[in-house]
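Everything below concerns the one structure shown next.
What follows draws every value from the coordinates through simple rules; no lab data is involved. Predicted model, so just to flag it, every value in this text is computed and none were measured. Cβ sites come from the backbone with ideal geometry, for glycine too, and all protein chains shown count toward neighbours.
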Amino acid sequence: MASFVGLVLAAGHGKRMKSTLPKVLHQVAGIPMIDHVVGVLVRSGASRTVVVVGYGGEVVEEHLAGRADVVWQKEQLGTGHAVLSAGPAFHGYDGNIVVMPGDVPLVTPETIEELVDNHANSENGATILTMHVEDPTGYGRIVRDSQGNVAAIIEHRDATEEIRAVREVNTGVFCFDKKKLFDALPCLSSQNEQGEYYLTDVIKVMISQGLSVGAVALQDASDGLGINSRVQLSEAELIMRNRKRGEMMECGVTMIDPSTTFIDANVEIGPDTIIMPFTVIAGNSKIGGSCNIGPYVYICDSEVGNECNIGPFSYLRPGTSLSDHVKVGDFVEIKKSSVGEGSKIPHLSYIGDTVMGSHVNIGAGTITCNYDGTTKNTTIIEDGAFVGANSNLVAPVKVGRDAYIATGSTVTSDVPQGALAIGRARQENKEGWVARSRAAQSSKEEK
Ligand code: UD1
Ligand code: CA
């Protein structure tokens, strides 16, 4: 495949989002839009990726730290001006450049590869990724001459009724010859409805310079959705979620009800895992094979081994790691803890900052008291320990191998290996107490 560099335009405010957050940081399937776009360039083989930032640029730059080079467009004077601002970053480079808007997160690496190959096999100054849509509102229209060659891109706002009827639109993704692009950019004018320097006008300029312009059309227009509003954000969310669910099922995951199963874009799940309805698996979670998960389970930034049972109603918070054959039952919350092979936390527990060995049994209602108001402390529960129901393990504390904790204990000091710890008041029975107290009550009422 032909080599290329990538340029992402992400300096705009995204006013139509009505948000203080820069548009490209809004998430689709749990990942900021900009990460989808940069990821697609990287996966399709870009030798370098540069991102133009401006509005909220500090936050975007910090977010990208180390994953892409950043250039600044101090004033947002249009997409053409944004590309021009990136000129110095490509000084001395001569070759193909793929330009992508930061708000088109659903394009696939295969599409970029096709676009670049198509461009590289032509003499074109530019090759446009286009798509055919039912409702072209807001997109730049692809205007073709009588031979069917691309003649221009006309922005919606600047288009006549006749041009607005065109259903072939610009996705905003282009492959350019870098030198020809930067030769054309100085010829842009801002004589348009928005008073901006449009990148799309480069097409007309190139054609007037005698260059040819090509187009590659998306097979599936939903891949080219541009996100300008919260409604479009939700449309992209649905498309990306469906795509992810499809991929997971292709990999051998069963979803009883895909429509209530939410899997973030970066999640990995092994084959023969069954996911029950109303389950969310978020962030960078990694789930093994042959697990049963759900219903009503939320897992975020956690790792789960093979053949685990999780749910119903369990919550795995970031930093949780379960080995194989672990059971996490109903109303159990686990945070930043590791759980060894075959251990069981079946009901109503909170386990936080804990290192738990294998084949541990945690009785119903057990809580690790990890926070003393200032610091988070660690609980260690070694292999084979048996923690009786409704116990409190006050961290820092260690329960030794094969130790037993009597039901209802509050454990404040370490339990040696193999010992039984009883940390509760001894029961006292007061014989005949009920009759005596009732008698006392009725004599009081008589008076
Ligand atoms: C743009 C295209 C339109 C195309 C559509 C596809 C232009 C003029 N129009 O329209 O033909 O159909 O995308 O989704 O290019 N940006 C900057 N600096 C600026 C202005 C914008 O970096 O000065 C960035 C934005 O952050 C955004 C991208 O460029 O990520 C596109 O800008 P946007 O305002 O969303 O353009 P559209 O109106 O959607
Ligand atoms: Ca847009």
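A cut-off of 5 Å between modelled amide H atoms, ignoring neighbours fewer than 5 places along the same chain, links Gly283 with Asp264, Asp301. Scalar couplings 3J(HN,Hα) for the range 389-403, obtained by applying the Karplus form with A = 6.51, B = -1.76, C = 1.60 to θ = phi - 60°, are 4, 6, 9, 10, 9, 8, 7, x, 7, 10, 9, x, 3, 6, 6 Hz; x denotes Gly and Pro. Helix 230-250 and the longest principal axis of the C-alpha atoms of the chain enclose an angle of approximately 70°. Note that the range 33-42 has calculated 3J(HN,Hα) couplings of 3, 4, 5, 4, 5, 4, x, 5, 5, 5 Hz, one per residue in order, obtained from phi through the Karplus relation 6.51 cos²θ - 1.76 cosθ + 1.60 (θ = phi - 60°); glycine and proline are x. Simple rule: put +1 on each Lys or Arg Cβ and -1 on each Asp or Glu Cβ in the range 252-421, find the dipole, and look at Tyr298, Gly408, Ser337; the Cα lying farthest toward the positive end is Gly408.
Counting helices only, and only those DSSP H runs with n ≥ 4, report the 222 nm mean residue ellipticity of the chain as the sum of -39,500 (n - 2.57) divided by its residues, in deg cm²/dmol to the nearest 500.
Helix-only estimate at 222 nm: -6000 deg cm²/dmol.
Annotation: amide H-H contacts under 5 Å for Val71 (H modelled 1.01 Å from N, sequence separation of 5 or more, or interchain): Val51, Val52, Val53.
Simple rule: put +1 on each Lys or Arg Cβ and -1 on each Asp or Glu Cβ in the range 252-421, find the dipole, and look at Ser323, Asn392, Thr354; the Cα lying farthest toward the positive end is Asn392. Between Phe313, Phe90, Phe331, the GNM of the chain built on Cα springs shorter than 10 angstrom shows Phe90 fluctuating the most.
Under the rule a/c < 1.5 gives rounded, and otherwise a/b versus b/c splits prolate from oblate, where does the range 249-301 land using the Cα gyration tensor? List each step's numbers first, then the result.
Numbers: a/c = 1.41, a/b = 1.03, b/c = 1.37.
The shape class here is rounded.
Determine the gain in length on full extension of the stretch Thr375-Asn284; use 0.36 nm per residue of separation and subtract their C-alpha separation, reporting nm with one decimal.
Working: separation 91, 0.36 × 91 = 32.76 nm, distance 2.62 nm.
Additional length available on full extension: 30.1 nm.
Pairs from the list Lys23/Lys344; Lys204/Lys244; Lys244/Lys327; Lys15/Lys376; Lys74/Lys204; Lys23/Lys180 with a Cα-Cα gap above 32 Å: Lys23/Lys344; Lys204/Lys244; Lys15/Lys376. Scanning residues 5 or more positions from Thr273 or on other chains, those with amide H under 5 Å from its amide H are Thr254, Ser290, Cys291, with H placed 1.01 Å from N in the peptide plane. The alpha carbon convex hull volume per residue for the chain rounds to 228 Å³.
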